[in-house]
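*Asks:* Pasting a structure below so you can have a look.
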Amino acid sequence: NVPEDQADKLLLASWGLPQAVLEKYHSLGVVQMFEWQAECLMLGQVLEGKNLVYSAPTSAGKTLVAELLILKRVLETHKKALLILPFVSVAKEKKCYLQ
């Protein structure tokens, strides 16, 4: 569980994302994360580029964790990222969404 003194980490706005990104998530109804998502982002040195392996049921929010990790790394390092998705339909959806 996320410690009480870090409960603000559940809010997307507390992760240093640009306002345009936050507004896009907010327009989709995403303002905060589940505790397990914030826990993933706070593990070890994940935000510095270390590996993360996690598992959750379908539609549980795994993609949000991956998106936030990718967005933060790209914005902070100014490098490209590769997002591999399992289906063409999901890839097309994410392409439009991330643009």
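*Asks:* Would you pick out the residues in the stretch 43-57 that are open to solvent by less than 60 Å² (accessible area, probe 1.4 Å) and not in a loop (DSSP other than H, G, I, E, B)?
*Replies:* Scanning the stretch 43-57 gives 46, 47.
*Asks:* Sticking with this structure for a sec: I need every pair where a residue in the stretch 72-95 that is of a type in the set (A, V, I, L, M) has its Cβ under 8 Å from the Cβ of a residue that is open to solvent by 100 Å² or more (accessible area, probe 1.4 Å) and outside any helix (DSSP H, G or I), sequence separation at least 6 or different chains.
*Replies:* Taking only residues 6 or more apart or on different chains, the pairs are 74/80.
*Asks:* Something else now. I'd like the full set of residues that are closer than 21 Å to residue 7 by Cα and among the small types (Gly, Ala, Ser), limited to the stretch 57-92.
*Replies:* Within the stretch 57-92, 60, 61, 66 qualify.
Matching residues to (1) of a type in the set (A, V, I, L, M); (2) outside any loop (DSSP other than H, G, I, E, B); (3) surrounded by 13 or more Cβ atoms within 10 Å (Cβ to Cβ):
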residue: 14; (1), (2), (3): no, yes, yes
residue: 17; (1), (2), (3): yes, no, yes
residue: 22; (1), (2), (3): yes, yes, yes
residue: 25; (1), (2), (3): no, yes, yes
residue: 30; (1), (2), (3): yes, no, yes
residue: 38; (1), (2), (3): yes, yes, yes
residue: 41; (1), (2), (3): yes, yes, yes
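*Asks:* If you don't mind, there's one more thing I want to ask. Suppose the filter is out of contact with any strand residue (DSSP E or B) (no Cβ under 8 Å at 6 or more places or on another chain), without any contact (Cβ under 8 Å) to a residue 40 or more places away in the chain and either on the phi > 0 side of the Ramachandran plot or charged (D, E, K, R) (or both); does residue 50 pass it?
*Replies:* Yes.
*Asks:* Quick check on the stretch 86-99: of everything there that is open to solvent by 50 Å² or more (accessible area, probe 1.4 Å) and aliphatic (A, V, I, L, M), which residue is nearest to the chain's Cα centre (by Cα)?
*Replies:* Restricting to residues being open to solvent by 50 Å² or more (accessible area, probe 1.4 Å) and aliphatic (A, V, I, L, M), the top hit is 98.
*Asks:* While we're here: Is the stretch 58-79 home to any residue that is surrounded by fewer than 10 Cβ atoms within 10 Å (Cβ to Cβ), at pLDDT 90 or above and either touching a Leu at 6+ places or on another chain (Cβ under 9 Å) or not in a helix (DSSP H, G or I) (or both)?
*Replies:* yes
The values are calculated or read from the model by the stated rules, or taken from the named source; none is laboratory data. It should be emphasised that the depicted structure is a prediction, and the values quoted were computed from it without experimental measurement. Positions of Cβ are generated from backbone atoms using ideal geometry, with glycine treated the same way; all protein chains shown enter the neighbour counts. Areas reflect the complete protein model, heavy atoms only, side chains present, ligands, DNA and RNA absent. Shrake-Rupley method; radii C 1.70, N 1.55, O 1.52, S 1.80 Å.
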